[in-house]
Amino acid sequence: MGNGMVAAERSLSLYSLISRKNTPDPHNFYDRLAREAPVHWDPYTRCWLVSGRAEALQVLSDDVFSSGRLLHSDALHAHTSLADLSTVHKEIGKQLLFVDGDAHAKLRKIIQGVLTPRRLQPMKARISALADDLTDFSDGGPFDVVERIAQPLPFRVAAEFLGLPEDDFDTLKAWSDSYTDIVTGFEPTIGSAVASQMLSYLEYAVDLVRARRRRPSGDGLSLIISAADGVSGLDDHSVASNLIMLLAAGHQTAPGFLAGSVLEMVGPSSGFGPVGRVGAAPDVEDLLARVSPSRFVGRTAVRSTSVGGCVIEEGQSVLVLLAAVNWSDLRRQRRAVPVGQDRAPAHIAFGYGRHRCPGAYLAKLEGEIVLSAVERRFPDMRLAEEEISWDGNVNLPCPVRLNITNG
């Protein structure tokens, strides 16, 4: 195969995760990628898979690779009217996730300024109160970690921080799920039903931005609007589109991470032994290396370049397998560090470089509080069911339910 293109056998394709959606342990797959194919062309998903650390950091930091991957996906055109597709493309294309260069720098400065530890500190007490309330075990039955805390808490925290109307939470959750169907995965598709929901969501978000501009209230959305008003090129539609992104970012990746972390705390499925500790709390940095909230992120090459000895051509898609990088790094590190000499793993669970997740601090704060609350309520926690069923999300996997009991 020419141009340095190394093709994968089927077992080294992302297809091995897609075709075994109910298999919770992908570590053998990650192990083989690290040993045999840290950079290779996957003919089954028609993209490059990057799982080596140095190669992943190159892709995530090099301007050759654009984050505007949605605009390059033919799959988006399936079963959708051109008018709807054009509107959805245009609006989602304004989000921090999908812009590069100066536009990205402007947006990142605004959003990062709102998500600083100082501004988020007041949320700590609210997250703690929610975690204590949601881990109430007064009914005495098995406690479903997913249904009772991993799903509801992150959504409520994000929605409350942004100042979204509580009466709209159920509708917003449904819309946010549709948005996530578009922007996650390796081949996003917009069907007519999803497109219709997105158009309604966009209209709602623009109306909310305009109403909040007239009557600011000191919430996260008001702060974003105030900061955006001083930046050229950021209109109400830009703010509304990024509001949609922020709500999804605040809750879509969290359930799988929280539930997966509880699994590690009950009995490590990764094989790395007991979870590390920071004082009396579980070590969230250790857990982020074991249970990456998002398995991969996508990029598109804007011109031909070489990565790991392979030539990636202009227009080709690249998936950086964050989870594979993290797991392989952690495995090597645990082999090198003597027992008892703990060291925080250098994970890239939140990405790397300019597009590193600006909400990383909030995600870690949430993880520390929620997992500590679960552990306090269930000091002798064990699984109530031996077999765990997983949802069908290849990128953001989460158990359908995770029942635990005490003792």
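The values are calculated or read from the model by the stated rules, or taken from the named source; none is laboratory data. Just so it is clear, the structure is predicted and the values come from calculations on it, not from any experiment. All Cβ positions, even for glycine, are placed from backbone atoms using ideal geometry, and neighbour counts span all protein chains on display.
Can you pull out every residue in segment 287-309 that is out of contact with any Asp or Glu (no Cβ under 8 Å at 6 or more places or on another chain) and surrounded by 19 or more Cβ atoms within 10 Å (Cβ to Cβ)?
Those that are out of contact with any Asp or Glu (no Cβ under 8 Å at 6 or more places or on another chain) and surrounded by 19 or more Cβ atoms within 10 Å (Cβ to Cβ): 288, 292, 293, 294, 295, 296, 297, 298, 299, 300.
Over 23 Å from residue 368 (Cα atoms) and not polar (S, T, N, Q): which single residue out of 167, 144, 136, 132 fits that description?
So the residue among 167, 144, 136, 132 that is over 23 Å from residue 368 (Cα atoms) and not polar (S, T, N, Q) is 167.
Given (1) in contact with a strand residue (DSSP E or B) (Cβ under 9 Å, 6 or more places away or on another chain); (2) modelled with pLDDT of 85 or more; (3) among the hydroxyl-bearing types (Ser, Thr, Tyr), identify the lone condition not met by residue 23.
(2)
Yes or no, residue by residue, for (1) touching a helix residue (DSSP H, G or I) at 6+ places or on another chain (Cβ under 8 Å); (2) closer than 23 Å to residue 395 by Cβ:
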| position | (1), (2) |
| --- | --- |
| 154 | yes, yes |
| 162 | yes, no |
| 177 | no, yes |
| 183 | yes, yes |
| 195 | yes, yes |
| 198 | yes, yes |
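Limited to segment 208-233, what total is found for residues that are part of a helix (DSSP H, G or I) and over 17 Å from residue 179 (Cβ atoms)?
Number of matching residues: 13.
Residues to consider are 155, 186; find the one that is within 21 Å of the chain's Cα centre (by Cα), at pLDDT 95 or above and of a type in the set (A, V, I, L, M, F, W, C).
155
Could you please tell me which pairs satisfy a Cβ distance under 9 Å, a separation of 6+ or placement on different chains, a first residue in segment 318-337 that is over 18 Å from residue 260 (Cα atoms) and modelled with pLDDT of 95 or more, and a second residue that is of a type in the set (Asp, Glu) and part of a helix (DSSP H, G or I)?
From segment 318-337, the pairs are 320/55.
For residue 290, state whether it is within 16 Å of residue 398 (Cβ to Cβ) and either β-branched (Val, Ile, Thr) or more than 14 Å from the chain's Cα centre (by Cα) (or both).
Against the criterion (within 16 Å of residue 398 (Cβ to Cβ) and either β-branched (Val, Ile, Thr) or more than 14 Å from the chain's Cα centre (by Cα) (or both)), residue 290 qualifies.
When you scan segment 312-321, do you find a residue that is buried (at least 20 other Cβ atoms within 10 Å of the Cβ), part of a helix (DSSP H, G or I) and in contact with a Lys or Arg (Cβ under 7 Å, 6 or more places away or on another chain), even just one?
no
For segment 234-244, check the following and say yes or no: at least one residue is surrounded by fewer than 16 Cβ atoms within 10 Å (Cβ to Cβ) and of a type in the set (Gly, Ala, Ser).
No, segment 234-244 has no match at all.
So residue 121 fits all but one of (1) without any contact (Cβ under 8 Å) to a residue 60 or more places away in the chain; (2) over 24 Å from residue 376 (Cβ atoms); what number is the exception?
Unmet for residue 121, out of (1) without any contact (Cβ under 8 Å) to a residue 60 or more places away in the chain; (2) over 24 Å from residue 376 (Cβ atoms): (2).
Any residue that is out of contact with any Asp or Glu (no Cβ under 8 Å at 6 or more places or on another chain) and over 26 Å from residue 242 (Cα atoms) - is there at least one of those in segment 153-174?
Scanning segment 153-174, I find no residue that is out of contact with any Asp or Glu (no Cβ under 8 Å at 6 or more places or on another chain) and over 26 Å from residue 242 (Cα atoms), so the answer is no.
Quick test for you: out of 259, 193, 205, pick the one residue that is more than 18 Å from residue 159 (Cβ to Cβ), touching a Leu at 6+ places or on another chain (Cβ under 6 Å) and assigned to a helix (DSSP H, G or I). Let's see the steps before the verdict.
On the way: 193 fails: touching a Leu at 6+ places or on another chain (Cβ under 6 Å); 205 fails: more than 18 Å from residue 159 (Cβ to Cβ).
Of 259, 193, 205, the one residue that is more than 18 Å from residue 159 (Cβ to Cβ), touching a Leu at 6+ places or on another chain (Cβ under 6 Å) and assigned to a helix (DSSP H, G or I) is 259.
In segment 122-142, is there at least one residue being within 29 Å of residue 17 (Cβ to Cβ) and not basic (Lys, Arg)?
Yes; the residues of segment 122-142 include at least one that is within 29 Å of residue 17 (Cβ to Cβ) and not basic (Lys, Arg).
Failed condition for residue 137, given (1) at pLDDT 95 or above; (2) farther than 30 Å from residue 14 by Cβ; (3) of a type outside the set (Gly, Ala, Ser), with all others met?
Among (1) at pLDDT 95 or above; (2) farther than 30 Å from residue 14 by Cβ; (3) of a type outside the set (Gly, Ala, Ser), residue 137 violates only (1).
Could you please give the count of residues in segment 152-177 that are of a type in the set (Gly, Ala, Ser) and crowded, with 20+ Cβ neighbours inside 10 Å?
3
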